[in-house]
1. Need the failing condition index for D201 against (1) crowded, with 18+ Cβ neighbours inside 10 Å; (2) acidic (D, E); (3) modelled with pLDDT under 85; (4) not in a loop (DSSP other than H, G, I, E, B), just the number.
2. Take the residues in the range 20-37 that are in a loop (DSSP other than H, G, I, E, B), in contact (Cβ under 8 Å) with a residue 60 or more places away in the chain and not hydroxyl-bearing (S, T, Y), then tell me which one is surrounded by the fewest Cβ atoms within 10 Å (Cβ to Cβ).
3. Tell me, which residue of the range 97-117 that is β-branched (V, I, T) and in contact with a strand residue (DSSP E or B) (Cβ under 6 Å, 6 or more places away or on another chain) is farthest from D203 (Cα to Cα)?
4. Can you give me the number of residues within the range 184-198 that are over 27 Å from C49 (Cα atoms) and either small (G, A, S) or not in a helix (DSSP H, G or I) (or both)?
5. Give the number of residues within the range 140-149 that are assigned to a loop (DSSP other than H, G, I, E, B) and exposed (fewer than 14 other Cβ atoms within 10 Å of the Cβ).
6. Touching a helix residue (DSSP H, G or I) at 6+ places or on another chain (Cβ under 7 Å) and basic (K, R): which single residue out of R87, R118, R174 fits that description?
7. Answer yes or no: is there a residue in the range 22-38 that is hydroxyl-bearing (S, T, Y) and in contact with a helix residue (DSSP H, G or I) (Cβ under 6 Å, 6 or more places away or on another chain).
8. From E137, E113, E54, E78, which residue is modelled with pLDDT under 95 and closer than 22 Å to I208 by Cα?
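The values are calculated or read from the model by the stated rules, or taken from the named source; none is laboratory data. Everything quoted here is computed from the prediction, not taken from an experiment. Virtual Cβ from ideal backbone geometry, glycine too; neighbours counted across all protein chains shown.
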Amino acid sequence: MVDLHERHWFTSEPDADLYKARQKTRWAGHVSPYSVLVAAMGNHWVEGCREAVEAMAGYHAKQGYRVCFYEVQDMCREPYDALGIMRNKALFRAIDEGFEYLCYVDNDVEPTEDALNRLVTHQFDVMAPRIEFWNGETYGLEMPTTPRDQGLGTCVNVVLSMLLFRTAALLPWRASGFWENPVGADESYHFQKLNKVLFFDSDVTVKIWRPPHFPLNDTAERTLADLDSASLAHDKNGRRTKVWTPKLVK
């Protein structure tokens, strides 16, 4: 066996300790462990939500990790028509600036202060919090009905209100961008495309202050055969049907 030499220089003892701890557990290494780019989609905030998101980012930074919180410029001319472009801009920045994680957050999300820190330390490629709406409604979604404080779970779909990605999971789309615009390319489409296990943490609940929007359908030059070939659920008219199946990890 060839004996290959390797030596690391760290900027601080905590950085060295964190790197060594992750090596022992065989978690993926990173030059800036647990660093997060928190990207807000636009700046049309519900009152109090920006302050809550910024406090969440600040809390993670206080734990000793690099964090940037920024608002992606709203590029939509019509409702939602440029969300894919906006999300891709955040992805490119996360890659270019070397963040290990990218957290997307909408302007109507009110997270707890420790939400980001708790999600990041699970070390999954895709991680979501449990969501609940301000008025107690479920709007046909199963996630708000999932019991609190039951640990980790898996699901096939979540709303994109707040979602955490390990940036490396999106590297295959570094040149083209992962997110598409927007009709016919909703949550189900993108999670099928990503082909990763989607985890959520029922111990971390964030509040959503606007009802979900489901304006998207498959009129973007995609046929029923296209939907069938991609295993994307739809009705007989080609309208996408939502599949929300949270399942707690035993």
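1. Of the numbered conditions (1) crowded, with 18+ Cβ neighbours inside 10 Å; (2) acidic (D, E); (3) modelled with pLDDT under 85; (4) not in a loop (DSSP other than H, G, I, E, B), the odd one out for D201 is (3).
2. V31
3. This residue is V105.
4. Here the count works out to 4.
5. Residues in the range 140-149 being assigned to a loop (DSSP other than H, G, I, E, B) and exposed (fewer than 14 other Cβ atoms within 10 Å of the Cβ): 4 in total.
6. After ruling out the rest, the residue left standing is R174.
7. yes
8. Answer to the check: E137.
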